[in-house]
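Taking it in order: structure first as structure tokens, then the write-up.
Just so it is clear, none of the values below were taken in a lab; they were calculated from the coordinates. Since this is a predicted model, take the numbers as computed values, not measurements. Don't worry about glycine lacking a Cβ; one is built from the backbone with ideal geometry, like all the others, and counts go over all protein chains shown.
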Amino acid sequence: MKTGPFRPFETTWEDWVLGGGLLFAFEDPSLPLEVEIGPGDDDFLLEQAEEYPDRNWLGIEYSRKRVRRTVRRIERRLGTPGNLRLVWRPAADVVGRFLTPGKVRRYHVYFPDPWPKKHHHRYRLLSPAFLTDVRDSLCEGGEVRFCTDHLEYGQETLQAFAEAGGWENGLPAPGYEILEPGDRLTVFETRWREEGRTIHRLLFRRST
Ligand SMILES: C[S@@+](CC[C@H](N)C(=O)[O-])C[C@H]1O[C@@H](n2cnc3c(N)ncnc32)[C@H](O)[C@@H]1O
């Protein structure tokens, strides 16, 4: 099912394949692509698509109701932008299959669920296997921007990057930094700052 130019509720692997790939969902597939994994109910993606019309913006979100809400906000605010698309899918289904090799300029991963209980760790997004797909999907100089309120998860994510290999840490030791509140906070950043939590930022680049 499609709504307008967005493809939020689709099972469109066939569409993508027959249509020449996921990038052809965009009006101009040749623009540099930035991807947010797990936009949730936050408007970062909308704002970026509006501010940077010379780039394509893809949101990958596995909560159907959040995708629907985001589509409504996009339609209200931007109408039918040619440079913004949402995919209702787990990120692991999309990245390796549709964004490799070297299709993505930058990933934004803000406050992914930390799954703090040991027996839930397998649900975490940034496993070494997934990071290998992410690396292969990045073009030269491509990078991942990641924020979390959960220090242990941040540290384990550092290890996952090291284990995956093929990454350069963009930050000096200890490999992450404390993020001071900026002008714009995501929905979850606002929530965690109100609780007094410290926000950690990671930055990794594909090594050449
Ligand atoms: C804690 S929320 C953060 C939302 C937003 N980035 C923010 O900072 O306010 C995490 C979001 O990631 C989505 N998510 C978690 N794992 C995902 C996956 N494997 N693929 C796609 N979306 C995922 C969840 O459904 C949720 O909307």
Averaged over every viewing direction, what's the projected area of the C-alpha convex hull for the stretch 97-208? Give it in nm², one decimal, please. 7.5 nm²
Name the residues whose placed amide hydrogens come within less than 5 Å of the amide hydrogen of GLU36, ignoring near sequence neighbours (fewer than 5 apart) on the same chain. LEU58, GLY59, ILE60, HIS108
What is the local net charge at ARG124, summed over the other residues whose Cβ is closer than 15 Å to its Cβ (Lys, Arg +1; Asp, Glu -1)? -3
Using only Cα atoms and rounding to the nearest 10 degrees, what angle (0 to 90) does helix 64-78 make with the longest principal axis of the chain? 70 degrees
Rounding to the nearest 10 and keeping the result within 0 to 90°, find how far the Cα-based axis of helix 151-164 lies from the longest principal axis of the chain. 70 degrees
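So if the hydrodynamic radius of the chain is defined as the Kirkwood radius over C-alpha pairs, what does Stokes-Einstein give as its diffusion coefficient at 20 °C and 1.002 mPa s, in µm² per second?
The Stokes-Einstein estimate is 122 µm²/s.
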Out of all Cα-Cα pairs in the stretch 32-102, roughly what percent, to the nearest whole number, are more than 15 Å apart? 49 percent
Selected from HIS108, HIS121, HIS150 as most flexible by GNM, with the chain as the system and alpha-carbon contacts under 10 Å: HIS121
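Could you tell me which trypsin sites (Lys or Arg not before Pro) in the stretch 146-204 are loop residues by DSSP with no more than 14 other beta carbons within 10 angstrom of their beta carbon? Please report the intermediate quantities before stating the final value.
Working: sites: ARG184, ARG191, ARG193, ARG197, ARG201; in loops: ARG184, ARG197.
Here the sparse-neighbourhood loop sites are ARG184, ARG197.
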Report relative contact order for the chain in percent, whole number only (criteria: Cα-Cα under 8 Å, sequence separation at least 6). 19 percent
Rounded to the nearest 10 degrees, the helix 128-137 long axis (Cα) sits at an angle to the longest Cα principal axis of the chain of 50 degrees
